[in-house]
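Q: Handing you a structure now.
Coordinate-derived values only; no laboratory data. What you see is a predicted model; the values in this text were computed from it and never measured. We place every Cβ from the backbone using ideal geometry, glycine too, and count neighbours over all the protein chains shown.
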Amino acid sequence: MMALTTPSGSFRGEYAGTLFLIPYYIGTYHILGEPLPAPIRDGFIRYLWSQQHDDGGFGLDIESPSYVVSSVTNYVGLRLMGVPADDPRMVRCREWFLPRGGALKASSWGKFLLAILGVYDYDGLNPLVPEMWLLPPKLPLHPSNFWVHCRIVYLPMSYLYAKRFVTPLTSVLEELREEIYPTPYADVDWKAARGAVATSDAYAQYSRTLVWSFKLLGALEPFHSPKLRAKAVEMVLEHIRVEDESSDYSCVGPLNKVLNAIVWHVEDGSQSERVRRHIARMPEYLWFGQDGVKVKSYYSSEVWDTAFAVQAIDAAGALDDYRDQLTGAQRFLEAEQVIEDVPNGAKYFRNPQRGGWGFGHRKQGWPVTDCTAEALKALDIMRPLKLSAPQVPDDRIEAGIDWILAMQNPEGGFPTYERTRGPRWLELFNPSDFFAEIMIDYSYIECTSSCMQALDRYRRQPGLSRKRRAQVDRSMEQAVRYLLRVQREDGSWEGFWGVCFTYGTWFALEGLRAAGLSTKHPAIRRAARFLRSKQRDDGGWSESIESSRKRNYVEAETSQTVQTAWGILGLVAAGEGDTTAVRRAMRNLCRKQRADGGWDKEHVAGVTNRNCAIDYVSYWSIFPVWALAAGRAARRDFA
């Protein structure tokens with residue numbers, strides 16, 4: 001686990017695995033007229049070839065079957081990097097995606113990339129009208145009511161759609177027009193292609209409401225008011241500017257970062273200061289691995305990884321053994337707290353954010369509830385050690401607690417970035433094709449549990465006022481009601497950010513125990529029975545990402561280290577640490593441990609938006625240690 005430490009003091013693991021992001025990165029460099037540095041180009045090529053499936057296609061992520069969108073766009077990316085069309089691997093890729101409709105059946109985000117590259121016509125896109133930003137904010141369909149990642153991605157998309165931006169054609173792009181379609185480019189019926197999506201790509205199929213909305217907007221698009229559109233574009237551009245400046249051009253995620261760079265290329269020119277600042281930060285979204293170069297799914301997961309690593313060290317009773325590493329962790333977490341709000345934030349639909357922690361670095365400016373909670377827990381663990389690194393002052397701890405309390409939804413659960421703003425029926429307007437539940441910021445099991453655990457640690461400190469304790473107690477009671485209400489009939493809870501029922505059930509149990517529920521509570525007993533029922537004969541758990549995609553427990557072919565660790569932690573939280581089930585699971589982890597103390601990487605354990613695998617490589621270092629320590633603490637005579 002100590003191999004995860006960095007010079008900044010953080011613990012950091014690879015956070016990648018999404019293949020559809022790579023061609024956006026390559027395409028952006030092409031559009032900006034920037035040569036892709038040779039180490040990055042060669043690393044992309046090497047990595048993509050390692051991920052090509054036997055059928056010739058590429059997955060949405062490293063654990064999905066082939067998708068038309070990933071196959072077509074990565075084919076385009078490889079061609080832009082100089083791979084010839086007659087390379088046998090490229091031929092195999094075309095042979096897979098052309099019979100499935102090629103670019104005409106790619107999902108919407110792929111078609112958009114192809115459109116700005118000039119190898120797909122804007123008439124083949126569903127409308128992305130910026131005028132939605134001119135609606136009254138109180139209307140549910142105003143984009144400010146959408147989940148952060150949804151509205152921030154569609155913000156630059158709507159600008160580029162309004163401008164009908166197309167990069168100048170090059171010889172390679174002209175060739176691509178003839179390579180990625182099953183019929184000649186000149187003969188394509190673009191309007192007919194608007195809603196066409198391959199079966200492989202249509203995880204979240206369009207609702208009838210959305211289909212008719214697109215038809216109406218498409219019919220009205222030729223008659224839009226130029227004056228109104230110019231006003232909408234100006235507003236969109238202002239929001240993009242604020243996102244860039246408030247995040248020091250890091251942006252909240254990799255997709256809106258590259259799109260924002262293209263926006264400023266269109267607006268100011270490729271040599272403008274804004275474009276230069278974007279380009280300077282582009283490599284920060286890359287991970288250089290042994291198997292090649294990847295685009296990370298976020299700037300980093302360092303706050304998340306660091307907070308969990310501290311808790312694993314604590315569980316192992318090794319705080320004094322790793323004071324140097326903990327000193328670095330405390331220094332890092334102290335430096336990464338968000339300590340100021342976005343100027344004039346309400347105008348840009350930004351919540352107060354002072355006191356929170358983000359997923360990776362504070363410069364991104366988007367604190368997250370569970371990241372804030374886990375950081376507070378880690379800091380609370382380290383505070384008695386009196387390390388030489390700066391401690392977070394009491395007033396900033398209070399600000400973190402204030403921020404968490406302000407984020408609780410009326411139903412009692414906690415979202416990610418913002419309290420839920422829009423109604424659930426907005427999901428009927430999900431235009432992404434391959435993601436589910438992206439339209440609003442829901443309450444999540446994991447976020448709720450993390451916040452409950454942090455609040456419980458906080459309320460146990462001496463000297464807390466009666467008023468403050470009552471405030472925290474009310475929040476905890478509401479969160480308990482939420483968790484009990486969403487428990488499934490089989491006793492499990494469905495996770496959203498990890499795979500899946502093992503993950504969600506462990507988190508929910510930790511939250512309920514932090515709230516003071518007895519291990520004899522019926523909900524906890526049902527959860528323990530669920531976990532025991534899924535344990536395999538070899539003592540492990542083996543849940544697959546297909547659980548998230550199908551929303552039912554689906555086993556992998558063998559026991560998985562990370563899921564086994566979560567199973568142990570869940571049973572320990574349920575008061576069953578001193579049981580045969582936990583001892584068997586611990587032996588499973590011990591058998592799989594390598595001579596150097598680590599564990600081999602297995603199936604992906606992270607997920608986002610139900611369908612996309614996220615590779616948290618740090619999990620194979622942190623959670624087995626944590627689980628073995630928790631099991632040992634529950635039964636000291638384990639051998």
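Q: What's the extension gain from THR327 to SER207 if we count 0.36 nm per residue and subtract their Cα-Cα distance?
A: 38.0 nm
Q: Here's something else I'd like to know. By how many degrees, between 0 and 90 and to the nearest 10, does the Cα long axis of helix 466-486 differ from the longest principal axis of the chain?
A: Value to nearest ten degrees: 70.
Q: Which far-off residues, 5 or more places away or on another chain, put their amide H under 5 Å from the one on GLY498, with H placed in the peptide plane?
A: VAL607
Q: May I pose another question? Report the Rg/Rh value for the chain, based on alpha-carbon coordinates and the Kirkwood definition of Rh.
A: Over the Cα atoms of the chain, Rg/Rh equals 0.97.
Q: Which value, in debye to the nearest 20, gives the size of the charge dipole of the range 544-639 about its Cα centre, when Lys and Arg are +1 and Asp and Glu are -1 at the Cβ?
A: 140
Q: Against the globular-protein guess of 2.2 N^0.38 Å, express the Cα radius of gyration of the range 18-295 as a ratio, rounded to two decimals.
A: Computed over Cα atoms of the range 18-295, the ratio equals 0.98.
Q: Around ARG164, with a cut-off of 12 angstrom between Cβ atoms, what is the net charge of the other residues, counting Lys and Arg +1 and Asp and Glu -1?
A: Taking every other residue near ARG164 into account, the sum is -1.
Q: Summing +1 for each Lys or Arg and -1 for each Asp or Glu, what net charge is found among the other residues whose Cβ lies under 12 Å from the Cβ of LEU60?
A: Every neighbour counted, the sum reads -2.
Q: Which of the listed residues, ALA202, SER542, PHE288, is farthest toward the dipole's positive end in the chain, when Lys, Arg count +1 and Asp, Glu count -1 at the beta-carbon?
A: Comparing the listed Cα positions along the dipole, SER542 ranks first.
Q: Tilt of helix 619-634 relative to the longest C-alpha principal axis of the chain, in degrees (0 to 90, nearest 10)?
A: On a 0 to 90 degree scale, this one is about 20.
Q: Related question: Quick one: the Cα spread of the range 302-634 along its three principal axes, in angstroms, biggest first?
A: For the range 302-634, the Cα extents along the three principal axes come out at 57, 52, 36 Å.
Q: Shifting gears a bit: If we count every other residue with Cβ under 15 angstrom of ILE40's Cβ, Lys/Arg +1 and Asp/Glu -1, where does the sum land?
A: +1
Q: Another question, if that's okay. For helix 522-533, what angle does its Cα long axis make with the longest principal axis of the chain, in degrees from 0 to 90 and rounded to 10?
A: So the helix axis and the longest Cα principal axis differ by about 70 degrees.
Q: Further, regarding this structure: Once label points are set 7 Å from the Cα along Cα→Cβ at both TYR185 and ASP268, what is their separation, rounded to one decimal in nm?
A: Using points 7 Å along Cα→Cβ, the separation is 3.1 nm.
Q: Pairs LYS191/LYS294; LYS294/LYS377; LYS105/LYS215; LYS296/LYS363; LYS163/LYS257: which are spaced more than 23 Å apart, C-alpha to C-alpha?
A: Flagged as over cut-off: LYS191/LYS294; LYS294/LYS377.
Q: May I pose another question? Exactly which trypsin sites (Lys or Arg not before Pro) in the range 476-549 are in a DSSP loop and have at most 12 other Cβ atoms within 10 Å?
A: Qualifying residues, ordered by number: LYS520.
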